Amino acid sequence: MFNKILIANRGEIALRVIRAAHELGVKAVAVYSEADRLAPHVLAADEAYLIGPAPSAQSYLKADVLIDVAKRCGAEAIHPGYGFLSERAHFIQAVRDAGLVFIGPSAEAVTAMGDKTAARARMIDAGVPVVPGTKEALADAAEARRVAGEIGYPVLLKAAAGGGGKGMRIVRGEDEIEKAFESAGNEAQAAFGDRSVYVEKYLDGPRHIEIQLLADRHGNTLHLGERECSIQRRHQKLIEEAPSAVLTPDERAAMGAMAVAAARAVNYEGAGTVECLYQNGEFYFLEMNTRIQVEHPVTELVTGIDLVQWQIRIAAGEKLPFAQDDITFTGHAIECRITSEDPANSFLPSTGRIQNLLIPSGPGVRWDGGITPGVEVGLFYDPMLAKLIVHAPTRIEAVDRMKRALAELRVEGVDTSVPFHLRVMDEPEFREGRLDIKYLDRHEELLSVQPDEDTIRAAALAAALLEEERRTHRVMPRATSTAAAAPASGWRQRGWKNR
Ligand code: MV4
């Protein structure tokens, strides 16, 4: 096992990796930008080094600086977390060239899965089901028209260098194909510096189900079941769960075997995820994420396997001590991403200092967070502040446990996604597990939280109590909000929003 590792990340995932390292008796080195001097990951680490100004391009994305810090402090390995440099093949290669261990897959595996058409071609050759479509990028609009005609409309144009929905166009008929080919290519060029696009049959409203994998370097590749990730907004996942409410044990085994075949085809090592579309009992490989994912905790809770510890142990050369049949699934887990975005204001990013934080606890509750009171939430980094994860015997108990945990949570100082999550936990289709990628298109009411009767009543009561305080104890009125305004706008105040 390593003596010391460096974590090239920040926020909740840096803290998550530090915790795994410490449980393995491994020293953890943090890096931080000028904006993160007092961040929890810095305080939790055994050593911490300033790497540059707040913008990621000048700090968390500085590959050479990170490698230099790792060498100078005597770290033997680098954990990249997710985002930032986690899927940059050139960084992985530079880490290895410096004589350090990259905690993750090879540069070759990341490259193979990063190019979406190359990955599709490799998957087809490996017998992995992909959505019907082209194996290569389209040469021109005429080819797009010909192939789309063969596949049958509607089709979806996708960027070859893409992922995450950029450069994607739904084409419903032949008359739209040329314009869509042009605009998808332009968007792909702007986003990835590569205008190549390919075409697939468009699936209308499938589920987004992904399979978690662990692969050691001794030939063992196992799957740890699925996560249901259909609840997303603009390609940002908001709620994930395990297991999926719809997969049968046979479907789980078939999807798992497919994901294992996909990973084996690129000699995958470490933790990885195969993303699939699932509709009417059919599933298709979409892409592979060659990193630890945000939503990994739901898998950890239902399998009892610590994925981040295993990333480190695999990178240190250890062999997985369990076989596929040893992996069992217990109960149901749900994760809500707590972001500094205002659901009452079209998820606009919210900034400010965390004034107060009450973290939920009690039976079956886990908090993977990256904030403490006093921390400034700005616009330099991802708005995800923390993840609230619950585990319970059944899905509906997990939903009600999440409601309870969300109600305990108080984040004061910034607006958060909490009111959105509370709404979803009460929404009948969600409670029945009827999810697909169009769920939030059907439920726009969840995206613009209005105060309910209880909130208005609570605000009125608080205003009345404050008025009484003022009358009896001569409390000076606050300049920012008046008691008279509270019933109408009190819910908009920070701190009320959470309720
Ligand atoms: C699709 C699809 C429907 N049909 N492919 C979106 C991101 C990119 N990685 C793949 N995506 C999709 N590919 C075919 N052939 C629908 C989506 C899609 C989607 C997929 C997963 C999660 C959320 C999504 C939201 C919109 C569209």
Residues of the stretch 245-264 satisfying the condition of being buried (at least 24 other Cβ atoms within 10 Å of the Cβ) and either modelled with pLDDT under 95 or small (Gly, Ala, Ser) (or both): Ala259, Ala262, Ala263
With the condition kept exactly as written, say whether any residue in the stretch 272-287 is in contact with a helix residue (DSSP H, G or I) (Cβ under 7 Å, 6 or more places away or on another chain), surrounded by 23 or more Cβ atoms within 10 Å (Cβ to Cβ) and farther than 11 Å from Ile211 by Cβ. no
Scan Ile371, Ile359 and give me the residue that is in contact (Cβ under 8 Å) with a residue 24 or more places away in the chain and crowded, with 20+ Cβ neighbours inside 10 Å. Ile371
Out of everything in the stretch 209-263 that is in a loop (DSSP other than H, G, I, E, B) and of a type in the set (Lys, Arg), what residue ends up being nearest to the ligand (Cβ to nearest atom)? Arg234
Just wondering, is there one or more residues in the stretch 452-460 that are in contact with a helix residue (DSSP H, G or I) (Cβ under 9 Å, 6 or more places away or on another chain) and part of a strand (DSSP E or B)? no
Positions within the stretch 400-415 being in contact with a Lys or Arg (Cβ under 7 Å, 6 or more places away or on another chain) and either buried (at least 21 other Cβ atoms within 10 Å of the Cβ) or at positive phi (or both), in sequence order: Gly413, Asp415
Out of Val17, Val101, sole residue that is in contact with an Asp or Glu (Cβ under 7 Å, 6 or more places away or on another chain) and either surrounded by fewer than 17 Cβ atoms within 10 Å (Cβ to Cβ) or under 15 Å from Gln311 (Cβ atoms) (or both): Val101
From the option list Lys179, Lys158, single residue qualifying as outside any loop (DSSP other than H, G, I, E, B), more than 15 Å from the ligand (Cβ to nearest atom) and basic (Lys, Arg) is Lys179
Quick check on this structure: which one of Ala344, Ala333 is more than 28 Å from Ile5 (Cα to Cα), among the hydrophobic types (A, V, I, L, M, F, W, C) and in a helix (DSSP H, G or I)? Ala344
So which residues in the stretch 182-203 are more than 9 Å from the ligand (Cβ to nearest atom), of a type in the set (Phe, Trp, Tyr) and not in a helix (DSSP H, G or I)? Tyr198
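The values are calculated or read from the model by the stated rules, or taken from the named source; none is laboratory data. As the structure is a prediction and not an experimental result, all values here were calculated from the model. All Cβ positions, even for glycine, are placed from backbone atoms using ideal geometry, and neighbour counts span all protein chains on display.
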